[in-house]
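Student: Here you go, one structure.
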């Protein structure tokens, strides 16, 4: 029973992906305006190459932001059920926060949060 359910689940997922991709292709309005092929559609003629290299600081800052954003994703459900889960879960959440705090201190010491 388990493998059949898995196959049905997989085929249902593929079906919904195909339908969600096909509906816009079939029914969306089409435009043959050559400006639609420009890299920027803001009404200003593009100048220069669209492929530029960004400083690594932008990527590092984005990764640090994502780390602390994901932290909230894990802490909110924990905070909602804190009374039911007890002391062990509280200690586990504290360990999680300490590890993230150490990562923040490391990033701070490496000056990853400074825009020079």
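Student: What are the equivalent ellipsoid semi-axes of segment 2-109, built from the alpha-carbon gyration tensor (square roots of five times its eigenvalues), in whole angstrom, biggest first?
Tutor: Semi-axes (√(5λ), whole Å): 41, 31, 12.
Student: Moving on. When a/c is below 1.5 the answer is rounded, else prolate if a/b is larger than b/c, else oblate, so apply that to segment 43-97 with a ≥ b ≥ c taken from the square roots of the Cα gyration tensor eigenvalues.
Tutor: prolate
Student: Report, in deg cm²/dmol and to the nearest 500, the calculated mean residue ellipticity at 222 nm for the chain, where each DSSP H run with n ≥ 4 adds -39500 (n - 2.57) and the sum is divided by the residue count.
Tutor: -23000 deg cm²/dmol
Bear in mind these aren't lab numbers, they're just calculated from the coordinates by the rules spelled out. Keep in mind the model is a prediction, meaning the values are calculated, not measured.
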